[in-house]
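A short worksheet on the structure shown next.
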Amino acid sequence: MTSLGSHLGVRAKLIEHSLAHHLPRNGARLRHAVRYSLLAGGKRIRPILTLAAAEAVGGSARTALPFACALEMIHTYSLVHDDLPAMDDDDLRRGRPTSHKVYGEGLAILVGDALLTEAFRVMAEARGIPAERARLAIAEVAAAAGERGMVGGQALDLAAEGKRTTLRQVAGIHRLKTGALLRVSVRVGALVAGAKPAVLRRLTTYGEHLGLAFQIADDILDAEGGDDADGRKDRELGKATYPGVLGLDGARRHAARERDRALAALRPLGARAEPLRAIVAYVVSRAGA
């Protein structure tokens, strides 16, 4: 885990520097608010997955970097909007007051709007990628972030609050709400690096199972009140969760099963996929699975 920690740290610094470059200080209150949320730290798992997937198929992390940054912008926008009183009504994010607590609800909404829009600018301006690959990657990000992906999952999540849910319903919510952006983070890295169809299919399978494993681990940490849990608890909000349906032990077994399926998808890809293997193992280990 030490070598993974070093790898994640190096990659996170590269991403942090690039994010700051894309949105430099300019004195405007909106820009200050955008940077407050975007540069607040965090694991940067989504952009790191994009870089790792590009390298797993023989591509360059630098070439995939604009797409990695765009995905982190979209993820951050979703957190800013999730924290709003009309959504999860959270006061803390990553140990700091949430955007709307610092800047007010109106500006926090605009922070999210700005980050989503800037993400597509950054992808559209990426260099060194054949135009058709870039077009396909941008279209996939749009689908994963929108009504057929993350936003659709958020709508299902809101609709399920306070209701009894089945395992199938919980999985359906989280395949979209959390899984869609994690899956596309892997796919986009592979796409811009020119992955062959068979390899792209394997990486897609990996991303799908990683996405579910990630959400299950987050649900477990929230239920246990772990260090990675932040803000109001899922039980308090009446959220549909894996521990709520399976119990903690059942959720851990489910997370381990998703991890094993993700790892199986990578089996033929060799040493270049080792960072991807380490990431899914790390994600699940956080929850003691």
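The values are calculated or read from the model by the stated rules, or taken from the named source; none is laboratory data. Given the structure is predicted, the values throughout are model-derived calculations rather than measurements. All Cβ positions, glycine included, derive from the backbone under ideal geometry; neighbour counts span all protein chains shown. Heavy atoms of the whole protein, side chains included, go into the accessibility calculation; ligands, DNA and RNA do not. Shrake-Rupley method; radii C 1.70, N 1.55, O 1.52, S 1.80 Å.
Scanning the range 36-60 for residues that are open to solvent by 10 Å² or more (accessible area, probe 1.4 Å) and free of Cβ contacts under 8 Å to residues at least 60 places away in the same chain, which turns out farthest from His100 (Cα to Cα)?
Per the criteria, the residue is Lys43.
In the range 147-176, how many are without any contact (Cβ under 8 Å) to a residue 40 or more places away in the chain and over 19 Å from Ala137 (Cα atoms)?
Result for the range 147-176: 9.
Yes or no: the range 43-62 includes at least one residue that is assigned to a helix (DSSP H, G or I) and over 23 Å from Val280 (Cα atoms).
For the range 43-62, residues assigned to a helix (DSSP H, G or I) and over 23 Å from Val280 (Cα atoms): absent.
Using the structure shown, decide if Ala33 is open to solvent by 10 Å² or more (accessible area, probe 1.4 Å) and over 20 Å from Arg183 (Cα atoms).
No, not satisfied.
Looking at this structure, is Asp88 out of contact with any helix residue (DSSP H, G or I) (no Cβ under 6 Å at 6 or more places or on another chain) and either of a type in the set (Asp, Glu) or buried (at least 18 other Cβ atoms within 10 Å of the Cβ) (or both)?
no
Is it fair to say Ala33 is in contact (Cβ under 8 Å) with a residue 60 or more places away in the chain, in a helix (DSSP H, G or I) and over 24 Å from Gly194 (Cβ atoms)?
yes
Just checking, which of Gly194, Gly211 is more than 25 Å from Ala86 (Cβ to Cβ), open to solvent by less than 50 Å² (accessible area, probe 1.4 Å) and not in a helix (DSSP H, G or I)?
Just a single option satisfies the conditions, and that option is Gly194.
Here are Phe120, Phe67: which of them is in contact with a Gly (Cβ under 8 Å, 6 or more places away or on another chain) and either within 22 Å of Leu200 (Cβ to Cβ) or aromatic (Phe, Trp, Tyr) (or both)?
Answer to the selection: Phe67.
What pairs come out if I take residues in the range 258-274 that are within 24 Å of Asp218 (Cβ to Cβ) and open to solvent by less than 90 Å² (accessible area, probe 1.4 Å) and pair them with residues that are charged (D, E, K, R) and at pLDDT 95 or above whose C-beta lies under 7 Å away, six or more apart or interchain?
Taking only residues 6 or more apart or on different chains, the pairs are Leu263/Arg277; Ala265/Arg202; Leu266/Arg202; Leu266/Arg277.
Which residues, taken from the range 4-24, are touching a Leu at 6+ places or on another chain (Cβ under 7 Å) and open to solvent by less than 20 Å² (accessible area, probe 1.4 Å)?
Result: Ser18, Leu19, Leu23.
In the range 152-174, what residues are over 17 Å from Glu208 (Cα atoms) and open to solvent by 20 Å² or more (accessible area, probe 1.4 Å)?
Within the range 152-174, Gln154, Ala155, Leu156, Leu158, Ala159, Glu161, Gly162, Lys163, Arg164, Thr165, Thr166 qualify.
Go through (1) over 18 Å from Arg267 (Cα atoms); (2) crowded, with 24+ Cβ neighbours inside 10 Å; (3) of a type in the set (Val, Ile, Thr) for Val186 and report which single condition fails.
Val186 satisfies all of (1) over 18 Å from Arg267 (Cα atoms); (2) crowded, with 24+ Cβ neighbours inside 10 Å; (3) of a type in the set (Val, Ile, Thr) except (1).
Is it the case that some residue within the range 66-74 is surrounded by fewer than 15 Cβ atoms within 10 Å (Cβ to Cβ) and either in contact with a Leu (Cβ under 9 Å, 6 or more places away or on another chain) or within 25 Å of Arg286 (Cβ to Cβ) (or both)?
Checked against the condition, which is being surrounded by fewer than 15 Cβ atoms within 10 Å (Cβ to Cβ) and either in contact with a Leu (Cβ under 9 Å, 6 or more places away or on another chain) or within 25 Å of Arg286 (Cβ to Cβ) (or both), the range 66-74 yields no hits at all.
Return yes or no: is Asp230 farther than 22 Å from Ala70 by Cα, open to solvent by 30 Å² or more (accessible area, probe 1.4 Å) and modelled with pLDDT under 95?
yes
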